[in-house]
Amino acid sequence: MAESKYLTEHYGKPEYQTLEGYKKLGGYQVLEKALKMQPQQIIDEVKASGLRGRGGAGFATGVKWGFLPNNGEPRYLLCNADESEPGTFKDRLMMERAPHQLIEGMIISAFAIKAKKAYIYIRGEYTGPAAILEKAIAEAKAAGYIGKNVLGSGFDMELDLYIGAGAYICGEETGMISSLEGLKGQPKLKPPFPAVQGYLRKPTIVNNVETLAAVTYVIRDGAAGFRKYGTEKSAGTKLFSISGNVNKPGTYEVPLGYKLMDLINIECGGLKPGRKLKAVVPGGSSAPVINAEECERATLDYECLAQMGTMLGSGAIIVIDDSNCMVDVLSTITHFYHHESCGQCTPCREGTGWMEKIVHGIVHGEGKPGDLDLLLKIADNMKGRTICALSDAAALPVLSFVTKFRDEFEYFIREKKSKVRGGQIYAQMHA
Amino acid sequence: MLKCTLNGREVEVKEGTTIIEAFYQNKIDIAHYCWHPGLSIAGVCRLCMVEIEGNPRLQIACNTVVTEGMKVNNQSAKVKEAVKWGLDFHLINHPLDCPICDQAGECGLQDQYMKYGQYDSEMAEAKQKKHKVVDLGPRVVLDSERCILCSRCVRFTDEVSKTNELGIFNRGDRAEIGTFNGKPLNNKYSLNTVDICPVGALTSKDFRFRQRVWFLKDAETVCTGCSTGCNIKVHYNREGLFRVKPVYNAEVNGHWMCDEGRDVYKFVNKESRLLDARVVSGGKAEHMTAFEAAKRVGEKLKGAGKSVGLVLTGSYTVEEYEAIMSYFKTEVGTDRVFHWINNPESFESFDGLLLRGDRNPNTRGLVQALQKHGFSAQWKELTEALSTGSIQTLVVAGPENQVWFPDFKVKVAELAKATRLVWMTSGKSSALDELKGEVTLIPLKSYIEKSGTFVNHAGRAQSIRPVTSIVKGALSLTEVVSAFRGEALQATEVVVGRSENEIGRGRIHNEFTLSRGAW
């Protein structure tokens, strides 16, 4: 099976960006249908569809919605557009090509969970998509899709765009809520969970851009229709961002359960001539790396990758061929997490820096014999010990890189040079 | 009540109790830095890890509520390893400058290292550099490298003082505590941040570099700074008092005390005390013991009747008021007893947290004693009596701390109109030294040297006991009354269980004391 254009069906058409074009291609018709349904019906449909969060954790969307207390308190819907997991750029494409697809999905979702106020929290670096969204929101407001009494249904809904300042941690849902509240973007202690006490201490649902866009399709085609693609536990299609050493990097939509190697070889045109696949980071930089042998067996769904000890994450696939030194790659990854740790919890605050310093030392020929075991111990003690998952996100690549490519690390420590690129300086190689 | 098991011990706790509270209530040791019973839960130090049966992941005890039948353990190998690593994460970028750190000896890092650590650090990389000697405000200095970012101080300024001066700036291991430009840490409770700082990051400008804490002893007493009567601990050695810290009392001060109360150690130390008794007459001063001076005064007072007046401040104990008032009523024969109130315009004020305008520990006790003895004279009657000469001998007791009596010098001049003035106080003053005419000065004991009872603004009686002896031969008002009568003093109150030799045995000086510089 090849690439399936489901959510991205009309992405090639420039007019899809505008309200007029979007409507011409069937846009906002699902909203009209949804507004005639009972909110609970929509929630049930989403539950039945098996739609799972596309942001990284893969939590069942309908179940998440079901956590909201049934007490008439004001509640909020937040769209997480702080796409900052290294390697991920699918939400950007969606917001650029089909802003109204997201907006329609948000209105339907807000109606389902009875939220009268929704925000899109977009990362600060996404100035282009932010401008497109601003325009699209204005269009939707003018057309009566947002505001008082949406399409005469009696449902009131406000939607606003909030531009973050560009911190990775604000993509964590409670970090995002803190940032939206005007506080320093730091995750909040759980419990209470956002569904009970979130934005402004009111029940709040945070969903990823792709998840909210997919809700429209669940309602349009029904749960069964949505399940036409994907597997039993990983229903639907998913957008994958592929970067690294492939001939055609980019964003591709394929059904969940698709073979990783097919995506690399068919959609992405394979590797550069003469190159051999060494490893793939399958779900954004925080997902444990898998080696070439594991890639052969990998299918792109939540279960298979979890079984391999890694994760589908945000669907960011980083392809690494044999021209890359894994020590260099890990050095870049550890630098990122050191830079982005919010500094709240001690293990993450101190551990991310410590790991970076050790890996950095190895790259600079200052590695010591005990470094690898120490790295593993540090990473082990950062895992599952903090408020949010950033600590785990920093620890997992270290654990997987050092375990699976230990020979490259040992060579670097012993010989003071890279097994792959020799004595060349990393920066010069990539200049 | 819920039943749960802590380290195999079955205990009962109230519903809603967190695991860390359950450990505390049952006096079982648990490692932690960021949790403080008087502040909200931050859950960031990740040290109070516990293993809960049935849960594969370690949980933090501070943010987990006890449920019925919960089996909690903080002694398992898994927890010990996690705590050890948690501690190491705190220490890898810590400068380990204990030899020059003021917190040494009472530092959370040192304590927990001895309890849960005792390993060799594997950190061989360069430590993170941060700002040192950051002047946060008039009373507090920050060393960011020592800081473990537990956020207690930030939460204190957010939640208790509600002044929000502090924040954590920057991210990751570059994060530092700081203040906004132009808004220093300058609230009336700022030194509490130093108390709750588990490490040597926040230090008190007043105390830093003055004394090693292991050369100090401590004793609990009551703050005499205002009518709230916060429970405090004074830290002292044979040189005197060095600092004051609050002691938890849910009904009086909670966990906190104000910065001005921290100064109640200063006026009891020798350098600000009246050291001996003096009788000045015809321009000549005669020095003698307090007892001798009081005995001579007593001879003249006996039966002198209404030509004698007595002025009292709210600084003394219930027992002292009783002794001196009954003496004046029955043996002197006067009802001219006056209450000297400090700064009357702000006397009733209250800052909403702890600090009251009435800067006396026992105003309520004094007022009750005045009523009991039927003394109802008003201050203006005293002014009149002094100008008409109907009061010739005036006996004054107080105030113990002149700083909080802004009208002190004015009052001295006013009261000096009496033909004979007997002034009893613990503090020295140039205003008293310069008095002409017939003046007797009698040194009194301070609150740190006597026992007795103070009644606070709410009518709560709190007792004090002698902590140490600073001025030899000073008397309490009760002892003064005995001396008035010519009775030999009862055995002077000795410091219970703290003989002179015991106080600060051995070295008392830090031989490497540094100059406090510009602070």
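The values are calculated or read from the model by the stated rules, or taken from the named source; none is laboratory data. On a predicted model such as this, the values are computed, not experimentally measured, just so you know. Positions of Cβ are generated from backbone atoms using ideal geometry, with glycine treated the same way; all protein chains shown enter the neighbour counts.
Every condition in (1) within 30 Å of residue B:93 (Cα to Cα); (2) in contact with a Gly (Cβ under 8 Å, 6 or more places away or on another chain); (3) free of Cβ contacts under 8 Å to residues at least 60 places away in the same chain is met by residue B:245 except one, and the failing one is (2).
Within region A:330-346, one or more residues are touching a His at 6+ places or on another chain (Cβ under 8 Å) and within 7 Å of another protein chain (Cβ to nearest Cβ). Please work out which residue is nearest to the other protein chains (Cβ to nearest Cβ), limiting yourself to region B:28-45 and to residues that are surrounded by fewer than 17 Cβ atoms within 10 Å (Cβ to Cβ) and within 26 Å of the chain's Cα centre (by Cα). Among them, the one singled out is B:40. For residue A:176, which of the numbered conditions (1) surrounded by 15 or more Cβ atoms within 10 Å (Cβ to Cβ); (2) over 20 Å from residue B:42 (Cα atoms); (3) touching a helix residue (DSSP H, G or I) at 6+ places or on another chain (Cβ under 6 Å); (4) away from chain B (no Cβ under 14 Å) fails to hold? That leaves (2) as the condition not met. Hey, among B:273, B:262, which residue is within 24 Å of residue B:468 (Cβ to Cβ) and surrounded by 24 or more Cβ atoms within 10 Å (Cβ to Cβ)? So the residue among B:273, B:262 that is within 24 Å of residue B:468 (Cβ to Cβ) and surrounded by 24 or more Cβ atoms within 10 Å (Cβ to Cβ) is B:262. Evaluating residue A:392 against the criteria (1) under 20 Å from residue B:124 (Cα atoms); (2) more than 10 Å from chain B (Cβ to nearest Cβ); (3) of a type in the set (Asp, Glu) leaves one unmet condition, (1).
In region B:151-170, what count of residues is obtained for those that are surrounded by fewer than 21 Cβ atoms within 10 Å (Cβ to Cβ), assigned to a loop (DSSP other than H, G, I, E, B) and facing chain A (nearest Cβ under 9 Å)? Going through region B:151-170 one residue at a time, the tally reaches 1. If the condition is being part of a loop (DSSP other than H, G, I, E, B), among the charged types (D, E, K, R) and over 22 Å from residue B:395 (Cα atoms), then region B:331-372 contributes B:348, B:351, B:358. Here the condition is being under 21 Å from residue B:416 (Cβ atoms) and either assigned to a loop (DSSP other than H, G, I, E, B) or assigned by TED's automatic domain parsing to the domain that holds residue B:476 (or both); of B:310, B:275, it holds for B:310 alone. Give region A:42-66 a look and list any residue that's within 22 Å of the chain's Cα centre (by Cα) and among the hydrophobic types (A, V, I, L, M, F, W, C), or say none. Selection gives A:46, A:51, A:57, A:59, A:60, A:63, A:65.
Among the residues of region A:72-88, some residue qualifies, meaning at least one is in the same structural domain as residue A:45 (by TED's automatic domain parsing), over 24 Å from residue A:7 (Cβ atoms) and free of Cβ contacts under 8 Å to residues at least 40 places away in the same chain. Condition test on residue A:275, is it over 20 Å from the mean Cα position of the chain (by Cα) and either within 14 Å of another protein chain (Cβ to nearest Cβ) or surrounded by 20 or more Cβ atoms within 10 Å (Cβ to Cβ) (or both)? No; evaluated as a whole, the condition is false for this residue. Annotation note: of B:182, B:167, B:178, the sole residue that is within 22 Å of residue B:102 (Cα to Cα), outside the structural domain of residue B:47 (by TED's automatic domain parsing) and small (Gly, Ala, Ser) is B:178.
Could you check, for region B:207-215, whether at least one of its residues is within 14 Å of the chain's Cα centre (by Cα) and either touching a residue at least 24 places away in the same chain (Cβ under 8 Å) or away from chain A (no Cβ under 14 Å) (or both)? Looking through region B:207-215, at least one residue is within 14 Å of the chain's Cα centre (by Cα) and either touching a residue at least 24 places away in the same chain (Cβ under 8 Å) or away from chain A (no Cβ under 14 Å) (or both).
More than 11 Å from chain A (Cβ to nearest Cβ), free of Cβ contacts under 8 Å to residues at least 60 places away in the same chain and not aromatic (Phe, Trp, Tyr): does that describe residue B:50? Yes. Checked against (1) buried (at least 16 other Cβ atoms within 10 Å of the Cβ); (2) under 30 Å from residue A:414 (Cα atoms), residue A:339 meets all criteria but (1). If the condition is being closer than 18 Å to residue A:88 by Cβ, in a strand (DSSP E or B) and in contact with a Gly (Cβ under 7 Å, 6 or more places away or on another chain), then region A:238-259 contributes A:238, A:239, A:240, A:241, A:242, A:243.
Counted as qualifying within region B:410-466 are the strands (runs of 3 or more DSSP E) with 3 or more residues that are touching a Lys or Arg at 6+ places or on another chain (Cβ under 9 Å), namely B:438-443, B:452-455.
Matching residues to (1) touching a residue at least 12 places away in the same chain (Cβ under 8 Å); (2) away from chain B (no Cβ under 14 Å):
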| residue | (1), (2) |
| --- | --- |
| A:310 | yes, yes |
| A:324 | yes, yes |
| A:353 | yes, no |
| A:364 | no, no |
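From the list B:103, B:112, B:75, the lone residue that is surrounded by fewer than 18 Cβ atoms within 10 Å (Cβ to Cβ), in contact (Cβ under 8 Å) with a residue 60 or more places away in the chain and not small (Gly, Ala, Ser) is B:75.
Of the residues in region B:5-23, none is of a type outside the set (Asp, Glu), within 13 Å of chain A (Cβ to nearest Cβ) and without any contact (Cβ under 8 Å) to a residue 40 or more places away in the chain. Annotation: residue B:424 fulfils all but one of (1) more than 30 Å from residue B:251 (Cβ to Cβ); (2) surrounded by 18 or more Cβ atoms within 10 Å (Cβ to Cβ); (3) out of contact with any strand residue (DSSP E or B) (no Cβ under 9 Å at 6 or more places or on another chain); the unmet one is (3).
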